[in-house]
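What follows is one structure encoded as structure tokens, with my remarks underneath.
Laboratory data are not the source of any read-out in this text; all were calculated from the coordinates shown. Just so it is clear, the model here is predicted, and its values are computed rather than measured. Note: ideal-geometry Cβ built from the backbone for every residue, glycine included; neighbour counts use all protein chains shown.
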Amino acid sequence: MAYQKYDPPFVYGDDNNPAYANYKLQLERWPGQGQTAVKYKVGLGLIPHRVWKTAQELLGWRYSIVSGDGVLLDTTDVPGTNLQTVHAYIWVLTPQDQFYTSPENYGLFHHSSLAGGGPVAATGEWKVVGGRIHFLTGQTGHYRCPMQALRTAVLTLKGALKVPPNSYNVRLFRQTNGEAIETPAEEVLNKYDFCERNFKVWGR
């Protein structure tokens with residue numbers, strides 16, 4: 001299943017729409033304020049953002065086709081704001097089962113940037129320290145993927161990147177009040193029906 005980019009509930013430039021006014025306010029709180037052209041990565045531009053499994057069974061990224069080197073994925077350089085999870089990068093899973101990741105730059109670089117504006121299999125945020133996932137979310141405003149997409153991400157991490165679902169948490173949001181909770185990722189597999197009935201994967 002692939003999910004298309006979600007169109008916001010306003011027309012850019014419509015100052016009479018409260019949703020657009022809120023969007024502009026959010027932009028002012030992020031780097032790159034005043035610039036609203038979202039950048040898309042395609043082709044070779046995506047290579048440094050691709051996530052791969054190292055020989056030590058850890059997650060790496062920033063692979064260079066020139067040197068053949070990369071670095072361990074570590075998201076702790078992101079301080080976070082009221083609009084972004086602390087110490088987390090955005091990620092997307094493409095329909096071709098490839099993970100891509102990056103720090104978010106609101107108004108300039110979003111989930112859709114990593115997907116070239118195209119559809120995704122899943123998307124969200126994650127905290128990774130020294131190549132090990134601490135927690136995973138389905139948090140995104142551009143795609144609004146369902147619980148099934150988060151389940152797909154957990155399964156793909158397990159199968160393609162050999163990350164055990166009992167080694168990290170997922171962050172979910174209660175359907176009733178939006179409260180965030182963390183639970184082992186394997187719960188999304190073992191208790192999927194319960195999770196889908198009682199939680200959603202994005203909270204903003």
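Cross-link check: pairs 158/191; 53/200; 53/127; 127/162 evaluated at a Cα-Cα cut-off of 19 Å; pairs beyond the cut-off: 53/200. Considering every Cα-Cα pair within region 141-196, what fraction, in whole percent, is farther apart than 18 Å? For region 141-196, the fraction of Cα-Cα distances above 18 Å is 32 percent.
By the scheme Lys and Arg +1, Asp and Glu -1, what is the net charge of all other residues having a beta-carbon under 12 Å from that of residue 63? In short, +2.
Report the GluC sites (Glu not before Pro) located in region 160-204 that are in a DSSP loop and have at most 16 other Cβ atoms inside 10 Å of their Cβ, or state none. Taking region 160-204 and a limit of 16 other Cβ atoms within 10 Å, the loop GluC sites (Glu not before Pro) found are 179. Taking label positions 7 Å along the Cα-Cβ direction at both residue 175 and residue 197, the computed distance is 0.8 nm, reported to one decimal.
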